[in-house]
Amino acid sequence: MSETKDTEDRLFVTALARGLDVLAAYKAGDRALGNAELAQRTGLPKSTVSRLTHTLCKLGYLNQDESGKYGPAPAVLTLGFAALAGLDLRDRARTPMQALSDETGLSVTLGVQQGTRVVYVETRRASTRVGLRLEVGSTVPLATTAIGRACYAGLPPSEQAMLRPLLAARYGDAWPAHEARLAAAGEEARQRGFCTSFGEFEPDVMAVGVALPPLVAGHGAMCLNASGPVFAFDENDMAGRIGPALLALRDQIMPRK
């Protein structure tokens, strides 16, 4: 709690500390909390929490849902990129991801699920790659991308159930079609081990996504993705050659037990 600070520290910014207290109040499994819940967890007055959540929404660190509650937004992950740089998995994945990218001409990415989106934490691109350019810190939707569908398919049913209302609010009338496609992607992952998105997120992009086994409780689902332009890859090539190659990459980078 920020209230434990030395009250004589003139460099201490209480407003900043209280804002960080609000972000730190979220625990693994929390999807959305109201101002009253956040006030109870932080020990701050509800009026103060209301101002803080409003500000954090404006800055992109929180999202407000239709019920008026707040959940962490993808920008929260930017605070942790320095820590992510030290993760063994990210370090271990970098070289084999680049090798697969160079071999196939595809962009290869590692992402983590954050709410209804996926945040890229590592990207590797072949020198010949053209088209969509997404860097570390970029986010893509869960429902329409291969990496997003793989992340969703890799979540326990209980976590999928918590995400569906958020996705329904995000997509509105289009949600039933997206929900059916996510269900089909789950079956695709069970049968083949990977999920696909052919021209759905970007019309000229073909992509395959693979979920990684859980590494850290509450860390969010992590997935690999390989994507390339439609003029160079077709559906048979992506499913028949790239999907298995991505599965092999997953097995290569996972920690040995």
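General observations
- The lone criterion from (1) under 21 Å from ALA73 (Cα atoms); (2) at pLDDT 85 or above left unmet by LEU44 is number (1).
- Pairs where the first residue, in region 190-205, is surrounded by fewer than 20 Cβ atoms within 10 Å (Cβ to Cβ) and the second is in a strand (DSSP E or B) and not acidic (Asp, Glu), C-beta under 6 Å, 6+ apart: PHE198/MET206; ASP204/PRO229
- Scope region 181-205; condition part of a loop (DSSP other than H, G, I, E, B) and on the phi < 0 side of the Ramachandran plot; matching residues: PHE194, GLU200, PHE201, GLU202, PRO203, ASP204
- All of (1) within 16 Å of VAL121 (Cβ to Cβ); (2) at pLDDT below 85 hold for ALA217 with one exception: (1).
- From the list THR7, THR78, THR14, the lone residue that is closer than 22 Å to LEU142 by Cβ, among the β-branched types (Val, Ile, Thr) and modelled with pLDDT under 90 is THR78.
- Qualifying residue in region 147-169 (condition: surrounded by fewer than 17 Cβ atoms within 10 Å (Cβ to Cβ) and either touching a Gly at 6+ places or on another chain (Cβ under 6 Å) or of a type in the set (S, T, N, Q) (or both)): yes
- Scan of region 221-244 for residues that are among the hydrophobic types (A, V, I, L, M, F, W, C), touching a residue at least 60 places away in the same chain (Cβ under 8 Å) and within 25 Å of THR116 (Cβ to Cβ), ordered by number: ALA221, MET222, CYS223, LEU224, ALA226
- The one condition from (1) part of a helix (DSSP H, G or I); (2) in contact (Cβ under 8 Å) with a residue 12 or more places away in the chain; (3) surrounded by fewer than 16 Cβ atoms within 10 Å (Cβ to Cβ) that HIS178 does not meet is (3).
- Filtering region 245-256 to residues that are in contact (Cβ under 8 Å) with a residue 12 or more places away in the chain and assigned to a helix (DSSP H, G or I) leaves ALA245, LEU246, LEU247, LEU249, ARG250, GLN252, ILE253.
The values are calculated or read from the model by the stated rules, or taken from the named source; none is laboratory data. Nothing here was measured: the structure is a model prediction, and the numbers come from that model. Reconstructed Cβ throughout: ideal geometry from the backbone, glycine too, with neighbour counts over all protein chains shown.
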